[in-house]
Amino acid sequence: MNNLVNDNNLKNSIHLGVTRSWLLIALFSLIFSGLLSLLVGASRMPWLVQFVTDTQFARRGLIVHVDLGVLVWFGAMFVVLFRREVVVSRTAGLIWGLQKFSKWAAWISIGSIMSGMVMLKSTPLLVNYIPIIDHWFFIAALGLFYASMLVHFADSRIVFSSLRQGRLPSWGELGGLFIWLTGISAVCGFCFLPRELEPKIYYEALMWGPGHALQFANVCFLMLWIESQLFVKAAVSNSTVSARISGCSKVLILFSAIGFASLCGLSPEKGQFIVWHTWLMQWGIFPAVLLSFGSILFNLFKIKRRASLELNELTFRWSVSLLLVGFLFGSLIRGSDLRIPGHYHASIGAVTIALMAEALSLLGGAKAKSSRVVVWLYGVGQLIFSAGLFIGGTYGMGRKTYGMEQHISNHGQTVGFAVMAIGGVFAFSAGALFAVIAIRAWRRQVVTGEVPAVF
């Protein structure tokens with residue numbers, strides 16, 4: 001990625017300020033989401049559910065936790081990654097002005113999303129991918145955050161520059177394309193769906209398309225992070241085959257984007273809408289990622305192994321492991337039970353661990369031993385937690401039941417929850433240590449006026 005630091009250029013200075021602001025947004029949302037995970041975990045543990053009598057409050061906590069931990073944290077880090085990839089001088093005019101203002105819109109939207117915890121008279125709806133609270137203010141907050149993020153992908157000269165030059169788009173450009181498709185799908189769904197539908201059905205259908213688009217964006221930005229690492233570049237730099245395989249992966253994702261765009265003209269009420277989006281995600285993401293991972297791993301295994309791995313190389317291995325486990329769990333899903341969140345948490349964990357390492361690197365913590373501890377704790381914890389969910393689901397434990405609502409009917413479910421608890425302790429410890437490292441590093445940079453070199 002390009003190093004955009006230029007102290008003599010005012011525009012670049014503003015660009016750096018905006019980028020760092022979005023890094024702060026990402027850190028805040030992840031830390032607050034991590035705190036809410038305690039509430040979510042307590043509402044699922046058999047020995048704690050007796051104390052969680054307000055299941056609606058637990059659901060609101062889960063919704064805010066997911067929206068901050070997936071939509072906001074991921075979205076903010078995608079902005080950071082994308083702004084580091086593009087050339088600043090190519091953005092100008094109204095879009096440039098909106099990008100400078102976007103950080104304030106993002107903070108307003110985050111505060112509004114957090115207020116969902118106290119929307120006592122509104123119904124929490126645990127719809128797939130983007131859960132919501134059925135209140136216009138909460139929905140507007142999600143829309144405001146999306147708009148504040150979208151302006152960073154709004155300049156077609158950047159997002160589609162490679163295509164116009166006859167080259168395959170970069171992973172960042174593909175990710176930006178799916179960020180656009182997320183909004184387009186939501187707008188089309190809003191236009192097609194009748195308002196008289198029951199809220200749960202309405203929002204489940206409305207969020208189905210955007211939720212699938214975001215999964216593609218997650219994968220694209222994960223691949224952007226992976227291919228930007230120096231150890232990956234060194235491994236594949238002299239391999240023509242690897243370059244061609246990477247190109248094939250991008251072509252597969254690009255065709256998926258074309259197919260996805262065509263589905264925007266289909267009403268979410270139709271059965272084909274659900275089936276085709278699922279099919280696109282299964283056969284669009286899995287082959288493309290597997291091709292790229294296989295090529296990179298093959299070239300890395302040919303290099304002499306070092307006794308100690310750098311932070312990003314360690315993170316890469318954990319990210320690949322979690323994503324492959326997520327693929328495995330996904331292939332074994334049968335019905336609607338806890339195997340679905342088991343698959344989802346492993347897959348999302350693969351992206352989260354990469355973004356955590358990126359944030360630590362941007363804050364100057366890549367060399368610290370404590371940063372490696374964060375990666376180990378989170379990787380082990382998320383793997384165990386996902387396995388616990390999968391075990392519980394295998395023994396028939398249903399989804400989306402909390403507090404006094406859930407009933408343990410066999411020993412397999414008990415084992416699943418015990419494994420979940422162990423993994424949750426590891427993952428939460430990783431989050432807590434990450435928060436301490438990030439806050440200290442940020443305060444140090446504020447005091448010293450230091451700016452990380454990667455900016």
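Values quoted throughout were computed directly from the atomic coordinates according to the rules given, and no laboratory measurement underlies them. None of the values given here were measured: they were computed from a predicted structure. With ideal geometry, Cβ positions are generated from the backbone for all residues, glycine too; neighbour counts draw on all protein chains shown.
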Placing +1 on each Lys and Arg Cβ and -1 on each Asp and Glu Cβ in region 309-455, then taking the dipole about the Cα centre, the residue among 379, 431, 330 whose Cα reaches farthest towards the positive end is 431
Taking amide H atoms as placed 1.01 Å from N in the peptide plane, list the residues 5 or more away in sequence, or in a different chain, whose amide H sits under 5 Å from that of residue 133.
125
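Can you tally the net charge around residue 81? Count Lys and Arg as +1, Asp and Glu as -1, for every other residue whose Cβ sits under 13 Å from the Cβ of residue 81. Can you show the working numbers first?
Numbers: positive: 83, 84; negative: 85, 173, 227, 358.
Every neighbour counted, the sum reads -2.
Taking the Cβ-Cβ separation of residue 433 and residue 334 as r and a Förster radius of 51 Å, what is the calculated FRET efficiency to the nearest 0.05? Spell out each step's value before the answer.
Details: r = 37 Å, r/R0 = 0.72.
My answer for the efficiency is 0.90.
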Whole-Hz ³J(HN,Hα) from phi, Karplus 6.51 cos²θ - 1.76 cosθ + 1.60, for region 348-353, glycine and proline x:
5, x, 4, 6, 4, 5
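When a footprinting reagent is the concern and you count Cβ atoms within 10 Å, what order do 295, 249, 331, 122 take, fewest first?
Numbers: 295 21, 249 24, 331 10, 122 17.
Final ranking by Cβ density, sparse to dense: 331, 122, 295, 249.
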Arrange the following residues from fewest to most other Cβ atoms within 10 Å of their Cβ: 255, 329, 32, 286.
255, 286, 32, 329
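Quick check: net charge around residue 277, other residues with Cβ under 14 Å of its Cβ, Lys/Arg +1 and Asp/Glu -1?
Once positives and negatives cancel, what remains is -1.
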With the dipole of region 160-303 defined by +1 on each Lys or Arg Cβ and -1 on each Asp or Glu Cβ, the option from 254, 180, 292 whose Cα lies farthest towards the positive pole is 292
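Once you list every other residue whose beta carbon is under 14 Å from the beta carbon of residue 436, what net charge do they have if Lys and Arg are +1 and Asp and Glu are -1?
Details: positive: 369, 440, 443, 444; negative: none.
Cβ neighbours under 14 Å give a net charge of +4.
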